[in-house]
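See structure below.
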Amino acid sequence: MNYSFSFLDLFPYLLLVIICFYIGFHKLKNVDSGKLICIVVIVFSAIRVGIGYDYYGYMNLILKNVPDYSIERIEPLAKLLMEFSYWTHYQLFFVITSFLTLYPLYLVSKKYSENVNLSLIVYLLFPIFFLESLSIIRNAVAYTFIFWAFYYFLQHRYLLYTIISVIAIGFHISACIGLLLPLVYLFQCQKKWNMLFYIFSLFSSSILMALLSNISSTFPFLESVEYYVNNGYIGSGNTMKIVINMIAIFNLFFWRELESRSEKSKLWLNITNFGAIIWNLFSFEGTLCLRLSSFFLLFLILLLPSYLYIFKRKYRQVISFLFCTFFILLFSSSFYINIFAHMKTGCKMSALPYQTIFYSVEYPLYVNE
């Protein structure tokens, strides 16, 4: 049976957003609304079937329906979880990774965000976070664990920081770049230096590409970078580049107002600006810039809710409306791009159709690609 797109297929995502907004913006008696939003999104992710470009690829890895060399390239902790899922049920891999990806976000946001609910909603609606996590599963766990590990670094609990960082690398080798976070912390810059570095990054992508195309290393992380430089989709990710840079410019423009919100605000500004710089430097290849910069851009979920509080109270409702509208449109645009490409070329879509373990159809386009 071939899949044919229907607008009704968007309903599960519409329902998810409505539920999360209702929980987030209505005071529910005796309910930790942030935790409830987190649980709702975890369940939505955990019971999915066929969602994410790599869902069936992971399923085949777990069921050992692929050559041995395909499994050998997987990092040890991810491989261990796959082995556990093989002896129990393959869906447990998606259930456990959904929890590992999402719950630590709530824990850190509860500590550092001015609005936990909005932090989680930003994660849900920003396409490079939740929607991407449904595909790049090992990466998504690594992003969150580095984010969580850094929380313990800031608490001066260095043993826990080390353990969780090692776990992150055990899920995906790209987590090595997340180890730069303590350096960003130690060498925090003022606005003018962040602006200069940011402007420099806008014009340096081609230079970096030329340098990296000539590297030769047996270190796994550098091998991965070299692969994307030489075999990736050059020029992809330009639409999201505009969004990332637009947010970076807003952050620079409102730097002083945001910096004054809390003792950690300057750190979030430095980290997220560093993420935008990495995106620009590696923007010649869409997958590479996404996977490297997301370790730093993830801190936007702590920073962006502060925009609601840097203006006078009488404007707060308007700012909240504009803020949410922007992210809803951003979330919707991701589906539009996916659907437009599907209608034009017949390619499969990452997030559609949403199916669950309770009922699903294995469409040949998705299973065999």
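The values are calculated or read from the model by the stated rules, or taken from the named source; none is laboratory data. Quick caveat, the model's predicted, so the values are computed rather than measured. Note that each Cβ is placed from the backbone with ideal geometry, even for glycine, and that neighbours are counted across all protein chains shown. Side chains included, ligands, DNA and RNA excluded: accessible areas come from the protein's heavy atoms. Shrake-Rupley method; radii C 1.70, N 1.55, O 1.52, S 1.80 Å.
Consider residue 285 against the criteria (1) touching an Asp or Glu at 6+ places or on another chain (Cβ under 9 Å); (2) open to solvent by less than 60 Å² (accessible area, probe 1.4 Å); (3) of a type in the set (D, E, K, R): it satisfies all of them except one. Which criterion is unmet?
All conditions are met except number (1).
Answer yes or no as to whether residue 296 is under 18 Å from residue 20 (Cβ atoms) and in contact (Cβ under 8 Å) with a residue 24 or more places away in the chain.
For residue 296, the condition - under 18 Å from residue 20 (Cβ atoms) and in contact (Cβ under 8 Å) with a residue 24 or more places away in the chain - is not met.
Would you pick out the residues in the range 231-246 that are surrounded by fewer than 21 Cβ atoms within 10 Å (Cβ to Cβ) and at pLDDT 90 or above?
242, 243, 245, 246
Go through the range 180-209 residue by residue and tally those that are open to solvent by less than 90 Å² (accessible area, probe 1.4 Å) and in a helix (DSSP H, G or I).
Here the count works out to 16.
Somewhere in the range 20-30, is a residue under 26 Å from the mean Cα position of the chain (by Cα) and under 18 Å from residue 132 (Cβ atoms)?
Yes, the range 20-30 has at least one match.
Which of (1) in contact with a Gly (Cβ under 8 Å, 6 or more places away or on another chain); (2) at pLDDT 95 or above; (3) open to solvent by 70 Å² or more (accessible area, probe 1.4 Å) is the odd one out, the single condition residue 106 does not satisfy?
Only one criterion in (1) in contact with a Gly (Cβ under 8 Å, 6 or more places away or on another chain); (2) at pLDDT 95 or above; (3) open to solvent by 70 Å² or more (accessible area, probe 1.4 Å) is unmet by residue 106, namely (3).
Give 98, 119 a once-over and let me know the one that is within 30 Å of residue 31 (Cα to Cα), among the polar types (S, T, N, Q), out of contact with any Pro (no Cβ under 7 Å at 6 or more places or on another chain) and modelled with pLDDT of 95 or more.
Working: 119 fails: out of contact with any Pro (no Cβ under 7 Å at 6 or more places or on another chain).
Only one candidate passes the filter, namely 98.
Looking at the structure I just gave you, is residue 311 in a helix (DSSP H, G or I) and either of a type in the set (A, V, I, L, M, F, W, C) or without any contact (Cβ under 8 Å) to a residue 60 or more places away in the chain (or both)? Break it down stepwise before answering.
Numbers: in a helix (DSSP H, G or I): no; either of a type in the set (A, V, I, L, M, F, W, C) or without any contact (Cβ under 8 Å) to a residue 60 or more places away in the chain (or both): yes.
No, not satisfied.
Kindly indicate the residue of the range 70-82 that is within 20 Å of residue 168 (Cβ to Cβ) and surrounded by 14 or more Cβ atoms within 10 Å (Cβ to Cβ) and also modelled with the lowest pLDDT among those meeting that condition.
74
So which residues in the range 334-348 are modelled with pLDDT under 85 and under 17 Å from residue 134 (Cα atoms), if there are any at all?
348
If residue 316 meets every condition in (1) open to solvent by 40 Å² or more (accessible area, probe 1.4 Å); (2) in contact (Cβ under 8 Å) with a residue 24 or more places away in the chain; (3) among the basic types (Lys, Arg) apart from one, which number is that one?
(2) is the only condition that residue 316 fails.
Checking the structure you have, find out if any residue of the range 14-33 is assigned to a helix (DSSP H, G or I), without any contact (Cβ under 8 Å) to a residue 12 or more places away in the chain and either touching a Ser or Thr at 6+ places or on another chain (Cβ under 9 Å) or farther than 23 Å from residue 323 by Cβ (or both).
Within the range 14-33 (the criterion being assigned to a helix (DSSP H, G or I), without any contact (Cβ under 8 Å) to a residue 12 or more places away in the chain and either touching a Ser or Thr at 6+ places or on another chain (Cβ under 9 Å) or farther than 23 Å from residue 323 by Cβ (or both)), the answer is no, since none of the residues qualifies.
Residue-by-condition table, conditions (1) within 27 Å of residue 262 (Cβ to Cβ); (2) of a type in the set (D, E, K, R); (3) surrounded by fewer than 17 Cβ atoms within 10 Å (Cβ to Cβ):
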| residue | (1), (2), (3) |
| --- | --- |
| 20 | yes, no, no |
| 23 | yes, no, no |
| 28 | yes, no, yes |
| 36 | yes, no, no |
| 57 | no, no, yes |
| 84 | no, no, yes |
| 88 | no, no, yes |
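Output the number of residues of the range 154-179 satisfying the condition of being polar (S, T, N, Q), open to solvent by 60 Å² or more (accessible area, probe 1.4 Å) and more than 16 Å from residue 265 (Cα to Cα). Give the steps one after another, and end with the answer.
Initial filter on the range 154-179 (polar (S, T, N, Q)): 155, 162, 165, 174.
Then drop every residue that is not open to solvent by 60 Å² or more (accessible area, probe 1.4 Å), which leaves 155, 162.
Subsequent filtering for residues that are more than 16 Å from residue 265 (Cα to Cα) retains 162.
Result for the range 154-179: 1.
So which residues in the range 120-139 are open to solvent by less than 10 Å² (accessible area, probe 1.4 Å), assigned to a helix (DSSP H, G or I) and either under 16 Å from residue 43 (Cα atoms) or touching a Gly at 6+ places or on another chain (Cβ under 8 Å) (or both), if there are any at all?
The answer is 121, 124, 130, 137.
Does the range 300-308 contain at least one residue that is aliphatic (A, V, I, L, M), touching a residue at least 24 places away in the same chain (Cβ under 8 Å) and not in a helix (DSSP H, G or I)?
No, because not a single residue in the range 300-308 is aliphatic (A, V, I, L, M), touching a residue at least 24 places away in the same chain (Cβ under 8 Å) and not in a helix (DSSP H, G or I).
What number of residues within the range 282-293 satisfy the criterion of being assigned to a helix (DSSP H, G or I) and touching a residue at least 60 places away in the same chain (Cβ under 8 Å)?
Number satisfying all stated conditions: 4.
Mind checking whether some residue in the range 300-307 is over 25 Å from residue 106 (Cβ atoms) and among the hydroxyl-bearing types (Ser, Thr, Tyr)?
The first filter runs over the range 300-307 and keeps only residues over 25 Å from residue 106 (Cβ atoms), leaving none.
Scanning the range 300-307, I find no residue that is over 25 Å from residue 106 (Cβ atoms) and among the hydroxyl-bearing types (Ser, Thr, Tyr), so the answer is no.
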